[in-house]
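> Sharing a structure with you now.
What follows draws every value from the coordinates through simple rules; no lab data is involved. Treat the numbers as computed from the prediction; the structure is a model and nothing was measured. Cβ sites come from the backbone with ideal geometry, for glycine too, and all protein chains shown count toward neighbours.
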There are 2 protein chains.
Amino acid sequence: MSSSVLSDWLAQRLDRSSSQPLYRQLQRLLQSAILLKELPAGARVPSSRLLAEELGLARNTVIQVYEQLAIEGYVTSTTGRGTFVANSTPEEFTETIRVPREKDELFAELRGEEEKLSSNSGQLALSRRGARLVSEAGVSKRQLGAFMPGVPDVTHFPARVWTRLHNKYWRRLRPDLLTYAPGGGLAQLRHALADYLRTSRSVRCSPEQIIITTGIHQSVDLAVRLLSDPGDVIWTEDPCYWGLRSVLQVSGLEPRPIAVDEEGISPSLMDLAHPPKLILVTPSHQYPLGMVMSLSRRRMLLEYARKNQCWIIEDDYDSEFRYTGKPLASLQGLDGAGRVIYVGSFGKTLFPGLRVGYLVVPEELAESFATASAELYREGQLLQQAVLAEFITEGHFTSHIRKMRAMYRQRREILLDAAACRYGDTIQAVGSDAGLHLVLQLPHGSDDRRTVAAALERNIVVRALSGYYSDPSRGPGGLLLGYACVPDEEIPVAFNTLADAIDETTVRVNDRQDVPRIKAYVA
Amino acid sequence: MSSSVLSDWLAQRLDRSSSQPLYRQLQRLLQSAILLKELPAGARVPSSRLLAEELGLARNTVIQVYEQLAIEGYVTSTTGRGTFVANSTPEEFTETIRVPREKDELFAELRGEEEKLSSNSGQLALSRRGARLVSEAGVSKRQLGAFMPGVPDVTHFPARVWTRLHNKYWRRLRPDLLTYAPGGGLAQLRHALADYLRTSRSVRCSPEQIIITTGIHQSVDLAVRLLSDPGDVIWTEDPCYWGLRSVLQVSGLEPRPIAVDEEGISPSLMDLAHPPKLILVTPSHQYPLGMVMSLSRRRMLLEYARKNQCWIIEDDYDSEFRYTGKPLASLQGLDGAGRVIYVGSFGKTLFPGLRVGYLVVPEELAESFATASAELYREGQLLQQAVLAEFITEGHFTSHIRKMRAMYRQRREILLDAAACRYGDTIQAVGSDAGLHLVLQLPHGSDDRRTVAAALERNIVVRALSGYYSDPSRGPGGLLLGYACVPDEEIPVAFNTLADAIDETTVRVNDRQDVPRIKAYVA
């Protein structure tokens, strides 16, 4: 790649409207070009002055990137001669360049980040939105093990009941259950869900307002495509779930991250002055921090949405698992103006691989959503929906939730005990008990991605809290620990292993003040 | 709605970059406003001069729309006084306005169109892309029955083998099969598929190049989002499958319809001068007309894509069902430059509700596609994938295809015999025998949507060929008849019922020349 070709290529890829700083974008692009040999070993990199000029960047930005690349061994600088792609690329690179998975691991290790699926392989061929999606992907290779967040314990799923129902439907072999789904899903399941949501989540809806999907990702994708156009603004909580951030971005939305406080999403006066098209919130249990949106905040948000004709997407992802106090009503149930789109899924209550979720939409939107879902996704899986409907109406669903709630509550306590045991009374575990994970705050100044990488070397999977923030470099260091899928007896050992990784990688200024804290918010 | 509010509302919704003519957009928007009582009965509609001026349209366009609305009974004109929303709206409208489904049926009947799910209910609340998606949706309420196109016979599916494998995996209860899918899907299935595609479709790939999806819709959605940006042009065949047209439009692509001839997609010199980003084709069996892309056309297309860095999406949707001659190799197998994305599904070979499809992508893109698919869709269903993999490796898949191929061939012949019986030797059935449907050409000047509506009254489901064209008003009148899901003995009776609807609704100038023709192209 010649110098001007490189500049052109970089200019096309730098996204000035992105929330990601330009220097980080530039660094990643240059790393890709080097790893993929578009910039071969020994090639001279344009001078920082020239590149800054051609890209319209501050020269200091380019210098900073070159320095970082030099530290990481991608380039070498010789005073007076210029900057060159390193000859001494580790041998593993040349060995594994054709084996993307291994290269990726090495790459992740290099960056001290968590074990991501993401890689830069082939990104040169992608579109702008595609390259951004892949480079910012948060998805992990691991989906099980201590302490994978968001994954329930699937080993206690009542498999015998499930297969009995399954076999019953297959014996009848009704052709209408094996073909494409009508818009919205199987009527039987929509009825069963309307009853369940009414009694357990105070959601007010008729079965026709329920749209069956493959999960929260598809639910949000559908809502976003039907209710917004590219360039529309959506408020997201900061921090929030990385997966939905990707879904929003790939549909052309402009996410505006809004800070959260103890009462949930907390828009400033400046934010309120610019109403967005959509608002995405987790009122029952803020993801990932865990606080509950207060009643006054709920009323404010509903009133604001009504006045400004915004749509609120209420992500009620794991509200079934609340261990103390009474269950909290949904935002949808408070909404008198028909501005709330409620989304939920069976991924946490039954098992993630099931791929059944649902939207509850205002009456006036029900038919459009049903049509669009059939048109866009051409869904099926009606036999599975029939099995699920009967599973619910026969009472297996609520009794399974009861059983798992008790089990997860216990695991949460075991984990808290293990933490107290290791770190003594400096651990603060306050209030709200809900969900499938805890947030562990790391001492100020710690880089949580280093801790995640160190834990992974010990075969412990945790996720870095900073990665849930719109700007990871400004998010507080912390770890998400999923306890739901870890058997009771494994929790203390796994926590101690994790604690070794924590102690090795975090800043310890003062023994009493700077140990990790278990952070949870009062309901 | 005041006159200026109406103008603003219309101005926001008219999409000048759409391939749909403005007069049709305007007509649909006004119909929505009237049906939803945004323009109440008796309200005066702005004069054609005023509205044309405010919308920047030719006055004739507005006049034409008003005339059409008057014919359909939405408005009445009184000379010298102006145009008013009809007072005499049929009573059914006021009765059913709150029951979208019934209203929709009435609406569809009014327009003489086929039984669509689509309706205008709630469209006022939708975004531009959402309203367009819903109003142009092609999806049908029916998914079974004579002569529903594209649906295989699911009653012969080997349910006992399937449930045996299914129960085996549930008995083992492997947690890793019940959680989220790793990017790309289950390794076991990707291996089985790579073998199958290599031998039966001459697709050249490693298992890593295969990405498991929920079907062709998701496959194309993923490819489009990773390889193109909003505003990029995609060549589509004209006619083509309506479902994918919707998938493309909602992702911001600009479909450029390219005519097909006996050799498949046939870009003009003008088309060739403007290379698109993507090209979507059905080389093995053009959908819905059925011709096969010639070898020279394939070579031209591959060379063109290589030179101009276009991506070709090869939709190989039902290539397993070829009744005469030897199977045709895939375009992907001819591609030396890595420009082809191959997509296929098990919807036609097993059953549509299964929701398993796949992409085969060039090596350099494999990891990006795997990451993006896990990030965007958060797929699961690994237990089902394990069952499917074993179903294939145990040989049940190929033997099922063999059995169904013989059955469909026979049904095709029964249908052709029934047509010949009714219409004598004027029926021309030529050449290429493949797929799950036939195209019946209607006499010149016939409105195929009227025929579809008349057939539906007799409980026969067919689809209008014109609806597959980018401009239905210019597409030739014809019917798609799916024979695969109709038992042998029902075909002749059902065809005669259909023929009554045809005879009642089509133009008959001359007994010998203007009867329907069975149209199929020589392979």
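> Counting only other chains, and only Cβ atoms inside 10 Å, what mean value do you get across the residues of B:378-389?
What the average comes to for B:378-389 is 4.
> Another question, then. In this model, which of A:Lys277/B:Lys277; B:Lys141/B:Lys348; A:Lys277/A:Lys307 are farther than 24 Å apart at the alpha-carbon?
A:Lys277/B:Lys277
> Between the label point of B:Arg59 and that of the same position in each other copy, find the distances and list them shortest first in nm, with every label point placed 7 Å from Cα along the Cα-to-C-beta direction.
With the label placed 7 Å along Cα→Cβ, B:Arg59 yields 6.5 nm.
> Distance in whole Å from the B-onto-A rotation axis to the closest C-beta of chain B, together with the residue it belongs to, please.
That would be B:Pro230, 3, residue then distance in Å.
> Computed FRET efficiency, Cβ-Cβ of B:Arg299 and A:Asp176, R0 41 Å: what is it to the nearest 0.05?
E(calc), rounded to 0.05, equals 0.40.
> Could I ask something else about it? To the nearest 0.05, how large is the calculated FRET efficiency for A:Glu394 and B:Ser3 if R₀ is 51 Å and r is the Cβ-Cβ distance?
Once the sixth-power term is evaluated, E becomes 0.30.
> Take every Cα-Cα distance within chain B, group them into 10 Å bins from 0 onward, and report for each bin the whole-number percent of pairs it holds.
In whole percents, the pair-distance histogram is 4, 17, 25, 25, 18, 8, 2, 0, 0.
> On average over all directions, what projected area in square nanometres does the protein assembly as shown have, based on the convex hull of its Cα atoms?
For the protein assembly as shown, averaging the hull's shadow over all directions gives 42.9 nm².
> Quick one: angle between helix A:22-35 and the longest Cα principal axis of chain A, in degrees between 0 and 90, rounded to 10, please.
That helix lies at roughly 70 degrees to the long axis.
> So, with +1 on the Cβ of K and R and -1 on the Cβ of D and E, and no other charges, what is the size of the charge dipole of chain A about its Cα centre, to the nearest 20 debye?
I would put it at about 820 debye.
> Taking the Cα centre of chain B as the origin and placing charges on Cβ (Lys, Arg +1; Asp, Glu -1), which of B:Gly82, B:Ser268, B:Leu376 is farthest toward the positive end of the dipole?
B:Leu376
> Continuing with the same structure: Please work out how much length the chain gains when fully extended from A:Thr78 to A:Glu254, using 0.36 nm per residue of separation minus the C-alpha to C-alpha distance, in nm with one decimal.
59.1 nm
> For a paramagnetic label modelled at 7 Å from the Cα of A:Ala187 toward its Cβ, which residues of the stretch B:348-368 fall within the zone defined by backbone nitrogen distances under 19 Å?
Residues passing the 19 Å test: none.
> Between A:Arg402 and the same site in the other copies, what are the distances in nm, shortest first, taking label points 7 Å from Cα along the C-beta direction?
So the distances to the same position in the other copies read 5.3 nm.
> Is there a quick way to get the dipole size of the protein assembly as shown? I mean about its Cα centre, with the Cβ of Lys and Arg at +1 and of Asp and Glu at -1; what is the value in debye to the nearest 20?
Rounded to the nearest 20 debye, it is 700 debye.
> Compare the Cα positions of B:Tyr468, B:Ala494, A:Ala58 along the charge dipole of the protein assembly as shown (+1 at Cβ of Lys, Arg; -1 at Cβ of Asp, Glu; about the Cα centre) and return the one farthest towards the positive end.
The residue sitting most towards the positive pole is B:Ala494.
> At 7 angstrom along the Cα-to-beta-carbon line, where would the label on A:Pro230 sit relative to the other copies? Give the distances in nm, shortest first.
Nearest to farthest, the other copies are at 0.5 nm.
> Once you keep just the Cα pairs under 8 angstrom separated by 6 or more residues, what percentage relative contact order results for chain B?
Here the relative contact order equals 17 percent.
> Just from its helices, what would the mean residue ellipticity at 222 nm be for chain A, if runs of 4 or more DSSP H residues each count -39500 (n - 2.57) and the sum is divided by every residue, rounded to the nearest 500 deg cm²/dmol?
-13000 deg cm²/dmol
> I've got another one for you. State the answer as a single residue: which of A:Thr451, B:Ser18, B:Gly445 lies farthest towards the positive end of the charge dipole of the protein assembly as shown, with beta carbon charges of +1 for Lys and Arg and -1 for Asp and Glu, about the Cα centre.
The one lying farthest along the dipole's positive direction is A:Thr451.
> How much length is gained on full extension from A:Arg405 to A:Glu490, taking 0.36 nm per residue of separation minus their Cα-Cα distance?
28.7 nm
> Separate question: Could you give the length gained on full extension between B:Glu363 and B:Ser17, defined as 0.36 nm per residue of separation minus the Cα-Cα distance, in nm?
Going from the current span to full extension adds 121.0 nm.
> Using only the alpha-carbon atoms of the stretch B:159-397 as identical scatterers, what base-10 log of I(q)/I(0) does the Debye formula give at q = 0.10 Å⁻¹?
Here the Debye-derived log intensity ratios amount to -0.46.
> Continuing with the same structure: Below 12 angstrom from the Cβ of B:Ile392, what's the summed charge of the other residues (Lys, Arg +1; Asp, Glu -1)?
Every neighbour counted, the sum reads -2.
> Give me the Å³ per residue figure for the convex hull around the C-alpha atoms of the stretch B:372-417.
Cα convex hull per residue, to the nearest whole number: 112 Å³.
> Another one. Treating only the Cβ of Lys, Arg, Asp and Glu as charged (+1, +1, -1, -1), what charge dipole size does the stretch B:315-372 show about its Cα centre? Round to the nearest 20 debye.
That gives a dipole near 280 debye.
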